[in-house]
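**Student:** What follows is a structure written as structure tokens; I'll ask about it next.
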Amino acid sequence: MIKIRKATIKDSKGIAKVRVNTWKTAYKGIISSNFLCKQSIDKSQRSNKKMLADKNIIAYVALDDNEIIGFAFGGECRDKSLSSVQGEIYAIYILESYSNQGIGRKLLEHLFYKFREKQYKAISVDFLSGNLAEKFYFKLGARYEKSKIYTIGGSDYLAHTYIWQDINDLI
């Protein structure tokens, strides 16, 4: 049975494993294979520890038999051009073998409940063009706001911003 709980610093390695594995599958054919091959669990773990130590970050993990199989990070919206948006989904990843089982939705619901506690109403999410997550976000009510360029590993990639105007309609 899948369980969702608040993430802790002790989860940083499990989150790193999920992040590295999902990047290699979700971004295959989108991000250069050279960059994806260089992804490191150790480097990701260090980054996760910093995120999880930040009291402003909202983080949850999805577990199957106490093994982390997915995670979600969120917090205050970092894009100041989105003046009507308070919160942002920073990352949400689920191992490919667990996709299409409602786990992503459950992780988002947990984030949205925390956002609501903080009185955040409008929430954004960015994702790379070509990522299958676009259908997921659209199905859950997020709508296209704008496109921008992300630089990853020295290469430029088209990304899209979607917004949920009122998460109270979803939870």
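The values are calculated or read from the model by the stated rules, or taken from the named source; none is laboratory data. As the structure is a computational prediction, the values presented were derived from the model and not from experiment. Glycine gets a Cβ as well: all are built from the backbone with ideal geometry, and neighbour counts include every protein chain shown.
**Student:** Would you mind telling me which numbered condition in (1) within 22 Å of Lys24 (Cβ to Cβ); (2) over 14 Å from the mean Cα position of the chain (by Cα); (3) of a type in the set (S, T, N, Q) Asn66 fails?
**Tutor:** In the conditions (1) within 22 Å of Lys24 (Cβ to Cβ); (2) over 14 Å from the mean Cα position of the chain (by Cα); (3) of a type in the set (S, T, N, Q), Asn66 misses (1) alone.
**Student:** Here is a list: Asp79, Asp126. Which entry is within 15 Å of the chain's Cα centre (by Cα), over 19 Å from Ile2 (Cβ atoms), of a type in the set (D, E, K, R) and at pLDDT 95 or above?
**Tutor:** Among Asp79, Asp126, only Asp126 is within 15 Å of the chain's Cα centre (by Cα), over 19 Å from Ile2 (Cβ atoms), of a type in the set (D, E, K, R) and at pLDDT 95 or above.
**Student:** Another question, then. Can you go through Lys55, Lys50 and tell me which one is in a helix (DSSP H, G or I) and among the basic types (Lys, Arg)?
**Tutor:** Going through Lys55, Lys50 in turn, just one is in a helix (DSSP H, G or I) and among the basic types (Lys, Arg): Lys50.
**Student:** Taking region 1-43 as the region of interest, how many residues are among the hydroxyl-bearing types (Ser, Thr, Tyr), in a helix (DSSP H, G or I) and more than 19 Å from Leu128 (Cα to Cα)?
**Tutor:** Result for region 1-43: 1.
**Student:** Looking only at residues that are β-branched (Val, Ile, Thr) and farther than 20 Å from Phe138 by Cβ in region 62-98, which one is surrounded by the most Cβ atoms within 10 Å (Cβ to Cβ)?
**Tutor:** Ile69
**Student:** Hey, among the residues in region 147-167 that are in contact (Cβ under 8 Å) with a residue 40 or more places away in the chain and surrounded by 12 or more Cβ atoms within 10 Å (Cβ to Cβ), which one's nearest to Gln119 (Cα to Cα)?
**Tutor:** It comes out as Ile167.
**Student:** Give me the residue from region 99-139 that is without any contact (Cβ under 8 Å) to a residue 40 or more places away in the chain, in contact with a helix residue (DSSP H, G or I) (Cβ under 8 Å, 6 or more places away or on another chain) and closer than 16 Å to Gly87 by Cα and, out of that set, surrounded by the most Cβ atoms within 10 Å (Cβ to Cβ).
**Tutor:** Filtering region 99-139 for residues that are without any contact (Cβ under 8 Å) to a residue 40 or more places away in the chain, in contact with a helix residue (DSSP H, G or I) (Cβ under 8 Å, 6 or more places away or on another chain) and closer than 16 Å to Gly87 by Cα, the one surrounded by the most Cβ atoms within 10 Å (Cβ to Cβ) comes out as Val125.
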